[in-house]
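Novice: My questions will all concern the structure given below.
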Amino acid sequence: MDYSEKGNVSGKTLDMDRARQSLIEELQAIMWYDERADATTDEDLRSVLKHNRDDEKEHASLLLEWLRRQDPKIDEKLKAILFADKKFDELWD
Ligand SMILES: [Fe+2]
């Protein structure tokens, strides 16, 4: 968010921004743990990194669920797409 506009933005929009930014950071953490787990030659460290990475997946999922509960369009899209038994090119309108 461009925080020069913060004075004109509702509290709900600011909270949505906080959640979206946090989701981005959780996904980045997953990526970095994957890269480090791939790179290390120490099996114990690889195990710790993979465990931590999977904790980040829970964090990301919680943020996505919070966003879904706040935004009816996200709720609609997730219900239509997640766990659907369709080909990918059948998932969008
Ligand atoms: Fe996290």
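Novice: Considering only residues of the stretch 9-43 that are among the β-branched types (Val, Ile, Thr) and within 16 Å of the ligand (Cβ to nearest atom), which is nearest to LEU67 (Cα to Cα)?
Specialist: Applying the filter and picking the extreme gives ILE24.
Novice: For the stretch 28-42, check the following and say yes or no: at least one residue is surrounded by 15 or more Cβ atoms within 10 Å (Cβ to Cβ) and within 14 Å of the chain's Cα centre (by Cα).
Specialist: Yes - at least one qualifying residue is present in the stretch 28-42.
Novice: Exactly one condition in (1) open to solvent by 60 Å² or more (accessible area, probe 1.4 Å); (2) within 13 Å of the chain's Cα centre (by Cα) is false for GLU90; which is it?
Specialist: Going through (1) open to solvent by 60 Å² or more (accessible area, probe 1.4 Å); (2) within 13 Å of the chain's Cα centre (by Cα) one by one, GLU90 breaks only (2).
Novice: Within 14 Å of the ligand (Cβ to nearest atom), under 15 Å from the mean Cα position of the chain (by Cα) and under 30 Å from TRP32 (Cβ atoms) - does that describe any residue in the stretch 66-74?
Specialist: Yes, that holds for at least one residue.
Novice: Let me ask something additional. Take the conditions in contact with a helix residue (DSSP H, G or I) (Cβ under 9 Å, 6 or more places away or on another chain) and open to solvent by less than 90 Å² (accessible area, probe 1.4 Å) and apply them to ARG46. Does it pass?
Specialist: Yes, satisfied.
Novice: Right, another one. Give just the number: which of (1) in contact with a Lys or Arg (Cβ under 8 Å, 6 or more places away or on another chain); (2) touching a residue at least 40 places away in the same chain (Cβ under 8 Å) does ASP75 not satisfy?
Specialist: Result: ASP75 fails condition (2) only.
Novice: Restricting to the stretch 14-27, count the residues that are over 13 Å from HIS59 (Cα atoms) and surrounded by fewer than 14 Cβ atoms within 10 Å (Cβ to Cβ).
Specialist: Count: 3.
The values are calculated or read from the model by the stated rules, or taken from the named source; none is laboratory data. On a predicted model such as this, the values are computed, not experimentally measured, just so you know. Note that each Cβ is placed from the backbone with ideal geometry, even for glycine, and that neighbours are counted across all protein chains shown. These area figures cover heavy atoms from the full protein model, side chains too; ligands, DNA and RNA do not enter into them. Shrake-Rupley method; radii C 1.70, N 1.55, O 1.52, S 1.80 Å.
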